[in-house]
Structures are given as structure tokens and as C-alpha cells.
């Protein structure tokens, strides 16, 4: 068993990011191995044995029926966030490490992480808050309002130590993410979710031994740069006289490398960020970015090659989690259910169409009185017309 490891999750078109993370981790922390969960299929696009990290395949995870359903109803981004609970469960149950850090794949390591692991040895769960002080910037409300909606803690980092309390947290976290890790989709409470991140808001009040990582150089992102810019000294990067441990490139774009993040409420850039961004771009290109970004995502299509639409994904989720226990849906591979789901989508469109017709009819009948036929007669005519159209 490795005493300390790091882990992340990617689809295969993010392979260059995982390589860059692994390269930077090894450079500054040669004893820390990176484990990468592939939320996708290899499909002979690359050779896992040749990668600078240890690959975990989806087939290796527990509870395969749930994993397969998640692969269908979540988008690629949502799936990478939702699988974090299962990944922690896998590491915990397989005893891959005593201490481990989850790091988003768009992170680059710039120094030793030993200080973080030392703090983790004194707790069970280590969270990183977006803010530890009020924002010192004229446009503070732009960022603080954004963070109110996206969460107190940044889920791009999470530290776990193998304890009973951590096991309880992992079980709770995993259960929630299996069904509730959407990105502002659906209706009602589902539309309030922001993948896994908002769930972390509850962790400090629900579990013991939860500690905050407040090192200014850890998980440096747009949320901290607005008040605390990076500067360079003796060929190393610093924030508030503390070394930069790792930078989280949230909102960064390889086509505009000198812009720290699209989420920053300013277009002003510094020479330091031009250097950091251009170096990151160079590393990604060296890691095969141009080739890997074209790799297809296997869960975008049914087994017959037909594309899975967003409405099919969400209808399937509703059928198995909210409205019913449809036998055909629950007991078959969703990726083989193209015809049935297409039929259900068509059925929903008919219902929506009829509701609109009824509203128009009710208005006309009550206010203009153009129709003298009974409502049932009108409905029958509409259904017959719609049926004829659907067969064309």
C-alpha cells in the first residue's frame, strides 16, 4: 500500500492534462504516484502502460450497474464530478493509500506537497475554501456572488485520511453524487445543483475532523488571484510570501494563455501570468494536446451509433430515479434502449403538443367561442392529425 497518493478523473480527450499533472507532480514530489480514473473507454486510443500515471478503468469500480446508469444520464463533465465519490470509495476499500489528495486534471504542481500531507495527518477530511478573507477589489461583488452560487469550497481539491470518519463521509458523498451531481439541469431542486461542489458545503457540520486548507499557495485559482497576485522571486512563484504549491487553471483557455481565467472581472494581465500561461500551454502541447482533444467520448452514443440527446439523458434519469420503476428501463442496458427512449421522447412531445392545443382551445372556447364541439371531439381530431403526421 502506498502511504500517500494523488488522484484525478478525466475523459480521454483530457489525456494531455493528466500527463501534465503527472509530470509536474513527479518533478516536485517524486514519491507521490498519480492515479487517474478514466470516465470513458480506452478503445486502443492510448496505451495505459506507457502513461506517467496509474490508470483506473471504469470496469474496476464497485457497483457497476450504478456506474453504467451514471454514464448514460450524466454529461461528460458531470460524470467526471459525479464519479469522485466512487473513486474515493475505491481507494478506501482497496487500501491504495493512507493519505490521498484529489486534484482536478487542470492543475499543475509547482512545489512539494509535503506541508499539505502533514496537515492531513491530523484530520480526516481536508477542504479548501474559495475565500478566507473579504475580496480586496472594486468589483468584489461579481466574484463573491458567483461563489455564493458555486459553493464555499472548491471541489478541485479534497484531502482524505483513512479513518472511520472519512469512511462515513465517503459513503455519504458517494450516495449523493450517484443521483445528484447535475450542472444546473432539470427542474426544481435539481436545477440548484452544481455537480459535486455544493455538497461539500454540508461536510463541516455533518462530519467530525474536517479541517480547512488555507495555505495561500494551495489551489491557486481565479477566486484568489483577484486579491492576491502571484509574484516571482529566485525563479519561484509566491503569494503573500508563501510558495505557490499548485495552480488550478479554472476558466483558462489554451488559445488565450496569458488570460488567467474568463471568470476574472478584469481584463488586466501581468507578465507573470503571461509566463505561467504560456508555459502551461507549452507543456500541454508537449503532452499531446492537439491529438488527444479530438478523441471521441464513448458515452455520447447508443450501441447502434445513434447520438444520445440531452433530453434522452434526463428523461432516463427521471424514469429510474423520480417518477417510476419502469421494468424495461431498470433491467436493460440504457445504451441498448435507443428505440424505447426515442418512443418515450416522442410520447412526451405528443403530451406537450396536446397541452398547448388544450390551452388554445380553452381560451377560444371561453373567450371567443369559435368552437362548438365538445372538448373530447376536439382532442380526438388533434390526436388523429398528429398520428398521421408522425407516420410521415
Original post:
Residues in region 268-286: is at least one assigned by TED's automatic domain parsing to the domain that holds residue 72, closer than 29 Å to residue 71 by Cα and surrounded by 15 or more Cβ atoms within 10 Å (Cβ to Cβ)?
Top reply: yes
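For region 25-50, enumerate the residues that are out of contact with any helix residue (DSSP H, G or I) (no Cβ under 7 Å at 6 or more places or on another chain) and farther than 22 Å from residue 157 by Cα.
Residues satisfying the conditions are 44, 47, 48, 49, 50.
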**OP:** Please find, within region 45-63, the residue that is nearest to residue 4 (Cα to Cα) out of those that are modelled with pLDDT of 95 or more and part of a loop (DSSP other than H, G, I, E, B).
**Re:** 53
**OP:** Could you tell me whether region 119-126 includes any residue that is surrounded by fewer than 23 Cβ atoms within 10 Å (Cβ to Cβ), in a helix (DSSP H, G or I) and out of contact with any strand residue (DSSP E or B) (no Cβ under 8 Å at 6 or more places or on another chain)?
**Re:** no
Original post:
Can you name the residue in region 179-202 that is part of a loop (DSSP other than H, G, I, E, B) and in contact (Cβ under 8 Å) with a residue 60 or more places away in the chain and, of all such residues, is farthest from residue 118 (Cα to Cα)?
Top reply: 186
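From the list 90, 72, 46, 77, which residue is under 21 Å from residue 252 (Cα atoms) and either surrounded by fewer than 22 Cβ atoms within 10 Å (Cβ to Cβ) or over 22 Å from the mean Cα position of the chain (by Cα) (or both)? Show your work before the answer.
Details: 90 fails: under 21 Å from residue 252 (Cα atoms); 72 fails: under 21 Å from residue 252 (Cα atoms); 46 fails: under 21 Å from residue 252 (Cα atoms).
Being under 21 Å from residue 252 (Cα atoms) and either surrounded by fewer than 22 Cβ atoms within 10 Å (Cβ to Cβ) or over 22 Å from the mean Cα position of the chain (by Cα) (or both) holds for just one of 90, 72, 46, 77, which is 77.
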Original post:
So which of 23, 66 ends up being in contact (Cβ under 8 Å) with a residue 12 or more places away in the chain, assigned to a helix (DSSP H, G or I), out of contact with any strand residue (DSSP E or B) (no Cβ under 7 Å at 6 or more places or on another chain) and buried (at least 17 other Cβ atoms within 10 Å of the Cβ)?
Top reply: 23
Subject >> Answer from 224, 205 - the residue that is in a helix (DSSP H, G or I) and either within 23 Å of residue 106 (Cα to Cα) or touching a helix residue (DSSP H, G or I) at 6+ places or on another chain (Cβ under 9 Å) (or both) >> reply: 224
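The values are calculated or read from the model by the stated rules, or taken from the named source; none is laboratory data. Just so we're clear, the structure is a prediction, and the values are computed from it rather than from any experiment. Every residue, glycine as well, gets a Cβ built from its backbone with ideal geometry; the counts of neighbours run over all protein chains shown.
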